[in-house]
Amino acid sequence: MDVSELSSVPEWLPADLEDDGVTELYPPQAEAVERGVTGGTSVVASVPTASGKTLVAELAMLSSVARGGKALYIVPLRALASEKQREFERFEDHGLSVGVSTGNYESEERWLATCDVIVATSEKVDSLVRNGAPWIGELSCVVADEVHLVDDPSRGPTLEVTLAKLRRKNPDIQVVALSATIGNPEVLAEWLDAELVDSDWRPIDLRRGVHYGQAVHLEDGSQRELSVRGNQRQTAAIVSDTLAEGGSTLVFVNSRRNAEAAARRLADVVSEDLEDGERARLDDLAEEIRDVSDTETSDDLADAVRKGGAFHHAGLTGTHRSLVEDAFRDRDLKVICATPTLAAGVNTPSRRVVVRDWRRYDGSVGGMAPLSTLEVHQMCGRAGRPGLDPYGEALLLAKSHEELEELFDRYIWTEPEGVQSKLAAEPALRTHVLATVASGFADSRSGLLAFLERTLYSTQTAESGRLSRVADTVLEYLEANDFLTRDGDAIDATDLGHTVSRLYLDPMSAAEIVDGLERCENRPTAFGLYQLVCRTPDMYQLYLRSGEDETFTELAYERETEFLGRMPSEFEQEFEDWLSALKTAKLLEDWANELEEDRITDRYGIGPGDIRGKVDTAQWLLGAAERLASEVGLEWAPAIRESRRRVEDGVREELIDLTGVRGVGRKRAGPTSETPTNQSCSARSADARRPPRTSWRTPGEPTRR
């Protein structure tokens, strides 16, 4: 279909597409148009990466706005929000306004009401619904990018419930769900009452296979030589081969340490092939990376970048990751060694993808477990960029003939698994049940169950009564902690419950905080408050390394009088988790006492991105604690506010007053330095907090009774 044939779209759009070199729609795009995506029909598009899913979304959104509506584009990651913002900014040349928001979970973001197209994470949209943003009712089109992540245990339930709420609030809303190829797209289409576009078409060929011995074995049965010389590793041989063809390589490994080690080795391979102009640009980039953070991680990354390679994982700051991704897209960097998080939608295509490690540690099985077929297919889909690569190639690595056969059977010749709702788990439901009641979507048990029947879980489950049983367990917990009241079938959120929902807290976190504050007899110390928020489910705690249990047990007894709430005995099951929270609190105390960033990363074995993540989360939780203290009539709000400001600015107690003076603070940017605040529809989002983790910790559950 030629773009000039498009109907029901803004008049300017066909010419705009042609100016960008798009004269004809890809087959999946044309099928979406035929199924009514420009006319307001809901569509599930399950197509491979690089096959034009974003244009399908743009056609739906722009057509909806042209009819007088408002469009929302939901992404799973903040990095994707920024990427989509850059893509959609061209709409502003035609009089449309684009807004992006990913943080400040207490706000209803009234300024977004003036925007035609809004980009936000699923957690942000959920919080907007909870806080009663009035413009939510004006939405006519919602796009759910990477919708297969409803299968993710931590983030999936939020996306699932958010889509259910938007459809309930706006019965005629158009839903466009975008996904990589999955095993059961028809189930998503049934749930969303949508037309299905299910295609395996790609604009350039994707060749998948396994490297074994001295050859690449491809899925079509062909082989070609790719020699590994002497002591050379397979990945080094593949990177060299790709460089010879003028391509780049994305290598997926199973841990941060492996990513950094592989990047060091492969950067040496790349360095030999760099041209003078590339070396100069990489030298500048390396210095820019060093300036981001005074840490060994930053220096190690800069050293690799100078040679044309890089690593990418969650221990890097957001600025680090953005610099690496941009340089890789520009092909200045020739190889990235990444943990699987990079496969989750960020636009980093390469000539070749190498899935070096197809097993990773899984705590639920107590050892290494294979990656899912869907996840490996997501990684493979990064291979090949239209217009720059003649093809894309994705390779797994085998060490034996038996492993060669296993990899073909498990990943090459097997369709990806179907997505499965994770909503019925109690950790997910306790947060979303409270929010559903507090935001007015249900005022009775029967109404709550009726709402839950609109979810993907209800579409998929054949187990009668499972959801109602779990919902009843959650209702009992919420009532016991004074978040809900029940009178027969009727349920209502208390003032405290409303506050917890608006704060975007896991109710168990709120119960832990309130319980700790109520047990406090004297003004709480900063360290005591840090340990309190660090033991909530909303904080990802640091792991205890070998031998550290003794160190932190001694610290616990030394500072026992500062802790808020009961310290468990070292013989109780939950003591190790409690010590992990103590270790995390000590990191925050070190940060607030102005310990140098490089010493913190060395002391705790983490990256600068981890520090920023812990500090951001602590700042958010302490702000919530301040609100909760006032809600339940406690006098500790000033002490909490002071502790929060110390974390926010990373300064000692005596310097708090000076942090309000321009330019006073840490030498390096504190936790809020990377994200500007919202200014207008075209501005970037406000400081973003990490979305809550939903873990169900039954031992020692705090209650307020």
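Here Q29 passes the criteria (1) surrounded by fewer than 18 Cβ atoms within 10 Å (Cβ to Cβ); (2) under 28 Å from the mean Cα position of the chain (by Cα) except the one numbered (1). Residues in segment 325-375 that are within 18 Å of the chain's Cα centre (by Cα) and part of a helix (DSSP H, G or I): E325, P340, T341, L342, A343, L374, E375.
If the condition is being in contact with a Ser or Thr (Cβ under 7 Å, 6 or more places away or on another chain) and touching a residue at least 12 places away in the same chain (Cβ under 8 Å), then segment 8-30 contributes S8, V9, Y26, P27, P28. Of the helices (runs of 4 or more DSSP H) lying entirely inside segment 191-303, those containing at least 1 residues that are under 15 Å from S350 (Cβ atoms) span 234-244, 256-271.
Residue check: is S51 within 30 Å of E190 (Cα to Cα) and modelled with pLDDT of 90 or more? Give the derivation first.
Working: within 30 Å of E190 (Cα to Cα): yes; modelled with pLDDT of 90 or more: no.
So S51 fails the test.
The residues on offer are S255, S240, S222, S227, and the sole one that is buried (at least 19 other Cβ atoms within 10 Å of the Cβ) and assigned by TED's automatic domain parsing to the domain that holds T297 is S240.
Give the residues of segment 229-240 that are of a type outside the set (D, E, K, R) and modelled with pLDDT under 95, sorted by residue number.
If we filter segment 229-240 for residues that are of a type outside the set (D, E, K, R), which is where we start, we get 230-232, 234-240.
The answer is G230, N231, Q232.
The single condition among (1) within 25 Å of G384 (Cα to Cα); (2) of a type in the set (A, V, I, L, M, F, W, C); (3) more than 22 Å from the chain's Cα centre (by Cα) that V44 does not meet is (3). Checking E674, E648, E635 one by one, the residue that is among the acidic types (D, E), modelled with pLDDT of 90 or more and surrounded by fewer than 19 Cβ atoms within 10 Å (Cβ to Cβ) is E635 and no other.
For segment 361-372, the criterion of being over 20 Å from S154 (Cβ atoms) and of a type in the set (S, T, N, Q) is met by no residue. Taking every residue in segment 521-532 that is surrounded by fewer than 21 Cβ atoms within 10 Å (Cβ to Cβ) and pairing it with any residue that is modelled with pLDDT of 95 or more and in a helix (DSSP H, G or I), at least 6 positions away or on another chain, the pairs with Cβ-Cβ distances below 7 Å are R523/A639; T525/E562; F527/E562; F527/A585; F527/E589. Please specify each residue of segment 543-566 satisfying the condition of being in a loop (DSSP other than H, G, I, E, B) and at pLDDT below 95. Correct list: Y543, L544, R545, S546, G547, G565, R566. Does T499 satisfy the criteria of being among the β-branched types (V, I, T) and surrounded by fewer than 21 Cβ atoms within 10 Å (Cβ to Cβ)? When the stated conditions are applied, T499 does not pass them. Testing W201 on (1) surrounded by 16 or more Cβ atoms within 10 Å (Cβ to Cβ); (2) closer than 21 Å to A57 by Cβ; (3) touching a residue at least 60 places away in the same chain (Cβ under 8 Å), one condition comes back false. Which one is that? All conditions are met except number (1).
Please go through segment 625-639 and give me each residue that is in a helix (DSSP H, G or I), of a type outside the set (A, V, I, L, M, F, W, C) and under 18 Å from N522 (Cβ atoms), ordered by number.
To start, the set of residues in segment 625-639 that are in a helix (DSSP H, G or I) comprises 625-631, 637-639.
From what's left, of a type outside the set (A, V, I, L, M, F, W, C): 626-627, 630-631, 638.
Those that are in a helix (DSSP H, G or I), of a type outside the set (A, V, I, L, M, F, W, C) and under 18 Å from N522 (Cβ atoms): E626, P638.
Residue check: V346 meets all listed conditions (1) in contact with a Pro (Cβ under 9 Å, 6 or more places away or on another chain); (2) within 21 Å of H148 (Cβ to Cβ) but one, namely (1). Restricting the search to segment 326-372, which residues are of a type in the set (V, I, T) and surrounded by 18 or more Cβ atoms within 10 Å (Cβ to Cβ)? Those that are of a type in the set (V, I, T) and surrounded by 18 or more Cβ atoms within 10 Å (Cβ to Cβ): V335, I336, T339, V346, T348, V353, V354, V355.
For segment 173-190, the set of residues classified as polar (S, T, N, Q) and either on the phi > 0 side of the Ramachandran plot or not in a loop (DSSP other than H, G, I, E, B) (or both) consists of Q174, S179, listed by residue number. Considered as a group, the residues in segment 503-515 that are closer than 10 Å to G565 by Cα and crowded, with 21+ Cβ neighbours inside 10 Å include one that is farthest from the chain's Cα centre (by Cα), and that residue is V514. For segment 516-534, state whether one or more residues are over 25 Å from the mean Cα position of the chain (by Cα), farther than 17 Å from S630 by Cβ, assigned to a helix (DSSP H, G or I) and of a type in the set (G, A, S). Checked against the condition, which is being over 25 Å from the mean Cα position of the chain (by Cα), farther than 17 Å from S630 by Cβ, assigned to a helix (DSSP H, G or I) and of a type in the set (G, A, S), segment 516-534 yields at least one hit.
For segment 396-504, which helices (runs of 4 or more DSSP H) that fit wholly inside it have 1 or more residues that are of a type outside the set (D, E, K, R) and under 30 Å from H217 (Cα atoms)? Write out each step before concluding.
Numbers: elements: 401-407, 426-438, 445-452, 456-460, 466-480, 495-502.
Those helices (runs of 4 or more DSSP H) span 401-407.
Please enumerate the residues belonging to segment 152-169 that are surrounded by fewer than 20 Cβ atoms within 10 Å (Cβ to Cβ) and either touching an Asp or Glu at 6+ places or on another chain (Cβ under 8 Å) or polar (S, T, N, Q) (or both).
Start the filter on segment 152-169 by keeping residues that are surrounded by fewer than 20 Cβ atoms within 10 Å (Cβ to Cβ), which leaves 152-154, 167-169.
If the condition is that a residue be surrounded by fewer than 20 Cβ atoms within 10 Å (Cβ to Cβ) and either touching an Asp or Glu at 6+ places or on another chain (Cβ under 8 Å) or polar (S, T, N, Q) (or both), then S154 is the only one that fits.
The values are calculated or read from the model by the stated rules, or taken from the named source; none is laboratory data. All figures in this text were calculated on a predicted structure; none of them were measured in a lab. Neighbour counts are summed over all protein chains in view; Cβ atoms, including those assigned to glycine, are modelled from backbone coordinates with ideal geometry.
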